[in-house]
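Worksheet for the structure shown next.
The values are calculated or read from the model by the stated rules, or taken from the named source; none is laboratory data. Bear in mind the structure is a predicted one, so any value in this text is a computation, not a measurement. Heads up, the Cβs are rebuilt from the backbone with ideal geometry, glycines too, and the neighbour counts pull from every protein chain shown.
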Amino acid sequence: MLNIVNKSPFEKTTLESCLRVAQARPNGSALLLIEDAVYAATKGNAVEGRIRDAMKTVPVYALWPDLEARGMQDRVIEGVKLVDYGGFVDLAAEHNTIQSWL
C-alpha cells in the first residue's frame with residue numbers, strides 16, 4: 001500500500017495515524033510525503049525520530065518539488081528518498097492500493 005500524507009505533522013495527527021498503520025503492516029507499504037507533510041522529512045524537527053523509526057520497516061519518500069518550494073531541500077533526513085512527479089506516478093503504479101491520509 002502506498003500511503004500518501006499531505007498535512008503538516010505540526011498541525012494535524014495524520015502522519016502519526018498513518019505511521020501506526022503502515023508500520024503494523026510493513027510488507028509492501030511505503031510512505032510518500034507531499035505538500036506540507038514534507039516538513040516531516042527534514043532534520044531537526046519534532047517528528048524526525050518517528051520518521052527515522054519508520055524508515056527501518058517502511059520506505060519513506062518525499063516529493064522534491066514540494067521540498068524545494070518550501071526551501072527545505074538542503075535539510076532532508078538521510079535515507080528519505082526524493083521523487084519528482086514522474087517518481088510519484090511510478091510509486092502509484094507500483095502499489096496495488098493507495099491510501100491518501102487527510
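When the stretch 1-52 is examined, which residues are found to be among the polar types (S, T, N, Q) and surrounded by 14 or more Cβ atoms within 10 Å (Cβ to Cβ)?
Answer for the stretch 1-52, where residues must be among the polar types (S, T, N, Q) and surrounded by 14 or more Cβ atoms within 10 Å (Cβ to Cβ): 3, 6, 8, 14, 23, 29, 42, 45.
Testing residue 35 on (1) farther than 13 Å from residue 70 by Cβ; (2) in contact (Cβ under 8 Å) with a residue 24 or more places away in the chain; (3) not hydrophobic (A, V, I, L, M, F, W, C), one condition comes back false. Which one is that?
Every listed condition holds for residue 35 apart from (1).
Check off (1) closer than 16 Å to residue 81 by Cα; (2) assigned to a loop (DSSP other than H, G, I, E, B) for residue 44 and give me the number that stays unchecked.
Every listed condition holds for residue 44 apart from (1).
Which numbered condition in (1) surrounded by fewer than 17 Cβ atoms within 10 Å (Cβ to Cβ); (2) touching a residue at least 24 places away in the same chain (Cβ under 8 Å) is the only one that residue 93 fails?
Among (1) surrounded by fewer than 17 Cβ atoms within 10 Å (Cβ to Cβ); (2) touching a residue at least 24 places away in the same chain (Cβ under 8 Å), the lone unmet condition for residue 93 is (2).
Collect the residues in the stretch 1-32 that are assigned to a loop (DSSP other than H, G, I, E, B), in contact (Cβ under 8 Å) with a residue 40 or more places away in the chain and closer than 21 Å to residue 93 by Cα, keeping them in residue-number order.
1, 6, 28
Right, residue 87: part of a helix (DSSP H, G or I) and modelled with pLDDT of 95 or more or not?
So residue 87 passes the test.
Of the residues in the stretch 47-69, how many are in contact with a strand residue (DSSP E or B) (Cβ under 9 Å, 6 or more places away or on another chain) and under 15 Å from residue 35 (Cβ atoms)?
Number satisfying all stated conditions: 6.
Consider the stretch 67-84. How many of its residues are of a type in the set (Asp, Glu) and touching a helix residue (DSSP H, G or I) at 6+ places or on another chain (Cβ under 8 Å)?
Residues meeting the conditions: 1.
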